[in-house]
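J.: The structure's right below; bear with me while I get my questions together.
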Amino acid sequence: MATTTQPPTEEKPSDGIAGASVRPGDRTFLGLSTGSGIFVLVIMAGIAAFLVWQAIPSLTADSVNPLTEQSWLPDADPPVFGFAVLFFGTIWTSIIAMLLAVPVGYGIALFIAYYAPRRVASGLGFLVDLLAAVPSIIFGLWGLYYFMPYVVPAAEWLSQYLGWIPIFANEPEIWTKSLLMAGLVLAIMILPTVSAISREVFIQVPRMHVEAALALGATRWEMIRMAVFPFSRPGMISAAMLGLGRALGETIAVALLLSAVFEINWAITEPGGNSFAANIALKWGEAGEVGRSALIASGLVLFFITLAVNMAARWVIARRKEFSGANS
C-alpha cells in the first residue's frame, strides 16, 4: 500500500510581540516604550490639574465673563479680567506667521532636497538647523531694533494702497508695535523648524517613486507633485503644526514687539493686541495673589488651545496616512 507523505509545514515566524519566541530585548523595549508613553500622559494630566487648581480662585472671584471681557484688572475690587484680547492676539499673530512661514519653509526644504547641488544643499541645511537653535530673545531684539524700521515702509504702503480693507487700515498712523510686526518675526522664528522637518521628510521619499516618475517623462515639478507630496503630506502637516505650536507659545519676542494696549484691534498695521504667553511674562512680577491666579488661568486656556491644535493635527495626519503611500 502506497503511503502518502504530508509536506512538512513551515513554521511562520511570529510577528507578534507576545509569546515565548519574543526576545528579552524586545520585551524590555516594549515595556520602556509603554512606560514612557504613560509617563508623558501622567505629566500632562498633572500639569492640567495644577493649572485648574491654581486658576480656581481667580475664576470664582472674577465679576465678569473672562471669555468675553477685554480688560485686565485682576487685582481691582472686584477683580475684572478677560481672555478675549489675549486669545485674539495669540491666534492672529500665529495666523500671520503661518501664512508667511509655511509656504516659504516648504519651498526651502524642496530646494535643499531636490534642486540645490550637494555642497550647497549641505551648507543650507546646516544653516537652517543653526537658525532653529537661536534663542527667542535674539529674534525679539533683532526685530525691535533692526527689522522694525524696514517693516514701517511696507506697513505704510499697505495702508496707503490697501487701506480700504479694514485689516490694513491705519488711522492713527502709528506703525510700530503692531500685529504685523510680531507676525513677521514669528514667521522668521518658526521658518527653520518648518523647513528642517519638511526637508527630512522629503529626503525620506523612496527613491524608486522619484525615479519611476522621472522615467515616465515627468518634469521635476511634476515628480514632486505626484511622487513627493503624496508620500510626505503627513510629515508636512506635522512640520506646520510644530511651527504653529512655537508661534502660539512664544513669549519674549512677542512681548518686545507688541504694544501694551489691551484691546482687540483687527488692523494689523496699528499698535495693539497681546498674547497669553507675553501677558504672563509681563504681568507676573507685579501681580498680586488674584492676579497670579488669573495669569495661571490664562495659561490654562493656552494649554487647551495647544492641546486642541495638536489633536486636530493628529486627526488630519491619521486621515491622510492611508492615502499618502507611506504604508506601501
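The values are calculated or read from the model by the stated rules, or taken from the named source; none is laboratory data. All values derive from a computational prediction rather than experimental measurement. Because the Cβ atoms are built from the backbone with ideal geometry, glycine has one as well, and the counts that use them run over all protein chains shown.
J.: Does the stretch 76-86 include one or more residues that are of a type in the set (Val, Ile, Thr) and free of Cβ contacts under 8 Å to residues at least 60 places away in the same chain? Don't jump to the end; show me each part of the working.
T.: Residues of the stretch 76-86 of a type in the set (Val, Ile, Thr): 80, 85.
From the residues that got through so far, the ones that are free of Cβ contacts under 8 Å to residues at least 60 places away in the same chain too are 80.
Scanning the stretch 76-86, I find at least one residue that is of a type in the set (Val, Ile, Thr) and free of Cβ contacts under 8 Å to residues at least 60 places away in the same chain, so the answer is yes.
J.: Which condition breaks for Asp62 when tested against (1) at pLDDT 85 or above; (2) surrounded by 14 or more Cβ atoms within 10 Å (Cβ to Cβ)?
T.: Checking Asp62 against (1) at pLDDT 85 or above; (2) surrounded by 14 or more Cβ atoms within 10 Å (Cβ to Cβ), the one that fails is (1).
J.: Tell me which of these Ala182 doesn't satisfy, since it passes every other one: (1) assigned to a helix (DSSP H, G or I); (2) without any contact (Cβ under 8 Å) to a residue 60 or more places away in the chain; (3) not aromatic (Phe, Trp, Tyr).
T.: (2)
J.: Among the residues of the stretch 131-151, how many are aliphatic (A, V, I, L, M) and either in contact with a Ser or Thr (Cβ under 7 Å, 6 or more places away or on another chain) or touching a residue at least 60 places away in the same chain (Cβ under 8 Å) (or both)?
T.: Residues flagged as aliphatic (A, V, I, L, M) and either in contact with a Ser or Thr (Cβ under 7 Å, 6 or more places away or on another chain) or touching a residue at least 60 places away in the same chain (Cβ under 8 Å) (or both) within the stretch 131-151 amount to 6.
J.: Determine, yes or no, whether Glu270 is out of contact with any Pro (no Cβ under 9 Å at 6 or more places or on another chain) and either among the aromatic types (Phe, Trp, Tyr) or under 20 Å from Gln70 (Cβ atoms) (or both). Talk me through it step by step, then tell me what you get.
T.: On the way: out of contact with any Pro (no Cβ under 9 Å at 6 or more places or on another chain): no; either among the aromatic types (Phe, Trp, Tyr) or under 20 Å from Gln70 (Cβ atoms) (or both): yes.
Considered against the rule, which asks whether it is out of contact with any Pro (no Cβ under 9 Å at 6 or more places or on another chain) and either among the aromatic types (Phe, Trp, Tyr) or under 20 Å from Gln70 (Cβ atoms) (or both), Glu270 comes out as no.
J.: Another one. Is it the case, given these coordinates, that Ile137 is within 22 Å of Glu270 (Cα to Cα), surrounded by fewer than 16 Cβ atoms within 10 Å (Cβ to Cβ) and either β-branched (Val, Ile, Thr) or in contact with a Cys (Cβ under 7 Å, 6 or more places away or on another chain) (or both)?
T.: no
J.: Having 1 or more residues that are more than 26 Å from the chain's Cα centre (by Cα) and surrounded by fewer than 23 Cβ atoms within 10 Å (Cβ to Cβ) is the bar; report the helices (runs of 4 or more DSSP H) wholly within the stretch 214-297 that clear it.
T.: It comes to 220-223.
J.: Next question. If only one of Gly123, Gly105 is part of a helix (DSSP H, G or I) and either of a type outside the set (Gly, Ala, Ser) or touching a residue at least 60 places away in the same chain (Cβ under 8 Å) (or both), which one is it?
T.: Values: Gly123 fails: either of a type outside the set (Gly, Ala, Ser) or touching a residue at least 60 places away in the same chain (Cβ under 8 Å) (or both).
Selected residue: Gly105, the only one of Gly123, Gly105 that is part of a helix (DSSP H, G or I) and either of a type outside the set (Gly, Ala, Ser) or touching a residue at least 60 places away in the same chain (Cβ under 8 Å) (or both).
J.: Just to be sure I understand the filter: pairs with C-beta atoms under 9 Å, separated by 6 or more residues or on different chains, first member in the stretch 281-306 and more than 14 Å from Phe81 (Cβ to Cβ), second member polar (S, T, N, Q) and surrounded by fewer than 20 Cβ atoms within 10 Å (Cβ to Cβ). Which pairs pass?
T.: Pairs found: Ala281/Thr251.
J.: So which residues in the stretch 48-68 are touching a Phe, Trp or Tyr at 6+ places or on another chain (Cβ under 7 Å) and not in a helix (DSSP H, G or I), if there are any at all?
T.: Asp62, Pro66, Leu67
J.: Give the stretch 126-135 a look and list any residue that's of a type outside the set (Val, Ile, Thr), part of a helix (DSSP H, G or I) and closer than 23 Å to Val254 by Cβ, or say none.
T.: Answer for the stretch 126-135, where residues must be of a type outside the set (Val, Ile, Thr), part of a helix (DSSP H, G or I) and closer than 23 Å to Val254 by Cβ: Leu130, Leu131, Ala132.
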